[in-house]
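Below is one structure, written out as structure tokens, with a few remarks after it.
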Amino acid sequence: MVTEKDKPGLEVVIVTGMSGSGKSTVIKVLEDMGFYCVDNLPAPLTPEFLRFFERPGAAVGRVAFGIDAREKFFLGELPRVIGELRSAGKRLKVLFLDASDEVLVHRYSETRRPHPLAGGGNVVAGIRKERADLAELRAWADRILDTSAYTVHELRAEVRNMFGADSGGGSAMSIFVSSFGYKYGTPADTDLVLDVRFLPNPFFSEELRPLDGRDPRVKRYVLDCEEAKGFFARLRDLLDFTLPLYEKEGKHYLSVGLGCTGGRHRSVVIAEELGELLTKRGFRVRLLHRDIDRDSIAGR
């Protein structure tokens, strides 16, 4: 029989980040998953609010707070509050949502909403000010999730994967594997970035150029070379050594990015192989090819 004393502590998630990065979507998903959600609670009230739910007999076990630039008067106090909660041993995770300036501008142009920090100016100015204001808070995050390449459906799936019923106490880490093109920029939310531009490039084959790294012919072209075999063997050794250490430190999520020039051939092949390997080893894997559908002729 499980008593009140035996129950795990209240699970707390703070969702914050750039305006337009998807915080409202995340809060709605968490609410659907059984979290008691409070959007835009003033940061200084957070500890008192949590004490209410930690009383004996309280039925709520998971709470999520959405905090963003709209609460600018109290925003500067949030890092202090987070530090106090962690020092008190709370089961706290901070999720910081981000996106590129270009994507945020596009999202605001689509919704025709004013940026909360624009102050009568343009959206770009508001984004730059908000990014500066949130720099300290970003450093406190347990997970930084760049939503630039996500659809709404993909973001919902990622949140469910991160905070599903088995996310906190499962035996396997969730690993996000992505391919990308350096010509389009390095992903902002990646823990481990690996450059595979040294591998033979299918772009220079007229037969393979129109294809992408998911095609068996491209896969054979890349993986059959000695460079790829040596790289993948060493990558397996690296992960065999580091993944248990990450789990030992309590890290539940790891993001690995594989980059080539255009994000269409080599990085896709290696990302697919890595995702398959990790899945076979029992990890929860999400795979994303960020730039695979960009310029198929110019991309490499």
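The values are calculated or read from the model by the stated rules, or taken from the named source; none is laboratory data. The shown structure was predicted, so the numbers you read here are calculated from the model rather than taken from an experiment. We place every Cβ from the backbone using ideal geometry, glycine too, and count neighbours over all the protein chains shown. What goes into the accessible areas is simple: the full protein's heavy atoms, side chains included, and nothing from ligands, DNA or RNA. Shrake-Rupley method; radii C 1.70, N 1.55, O 1.52, S 1.80 Å.
Couple of notes before you dig in:
- Most positive-pole-ward Cα, Leu243, Ile144, Leu85, against dipole of the chain from beta carbon charges: Leu85
- Accessible surface, 1.4 Å probe, highest first, among residues Thr16, Thr151: Thr151, Thr16
- Taken along the Cα-to-beta-carbon direction at a fixed 7 Å, the label points for Phe232 and Asp191 span 2.3 nm.
- In this structure the range 141-300 gives 48 Å² per residue of accessible area when probed at 1.4 Å with all protein chains present.
- For the chain, the mean residue ellipticity at 222 nm estimated from helices alone is -11500 deg cm²/dmol, where every DSSP H run of n ≥ 4 contributes -39500 (n - 2.57) and the total is divided by all residues, rounded to the nearest 500.
- The chain - percent of accessible surface contributed by carbon and sulfur, probe 1.4 Å: 52 percent
- Under 12 Å from the Cα of Lys229 - aspartates and glutamates, other chains or at least 8 residues apart: Glu273
- Out-of-range pairs (alpha-carbon distance over 29 Å; input Lys129/Lys183; Lys93/Lys219; Lys183/Lys248; Lys251/Lys280; Lys28/Lys280; Lys28/Lys219): Lys93/Lys219; Lys183/Lys248; Lys28/Lys280; Lys28/Lys219
- Modelled label positions at Glu249 and Arg113, each set 7 Å beyond Cα in the direction of Cβ, lie 3.5 nm from each other.
- Taken about its Cα centre, the chain carries a charge dipole of roughly 180 debye when the Cβ of each Lys and Arg holds +1 and the Cβ of each Asp and Glu holds -1.
- Among Cys260, Gly17, Phe204 the positive-end extreme of the charge dipole of the chain (Cβ point charges): Gly17
- Accessible surface, 1.4 Å probe, highest first, among residues Lys280, Lys90, Lys28: Lys280, Lys28, Lys90
- Between the listed residues Gly34, Ala64, Phe52, the Cα displaced farthest toward the positive end of the dipole of the chain, a dipole computed from Cβ unit charges relative to the Cα centre, is found at Phe52.
- GNM result for the chain, Cα springs below 10 Å: residue of Glu154, Glu48, Glu136 fluctuating most strongly: Glu48
- On Cα atoms only, tilt of 226-248 relative to the major axis of the chain in degrees: 10 degrees
- Degrees separating the helix 152-163 axis from the principal Cα axis of the chain, which is the longest one: 70 degrees
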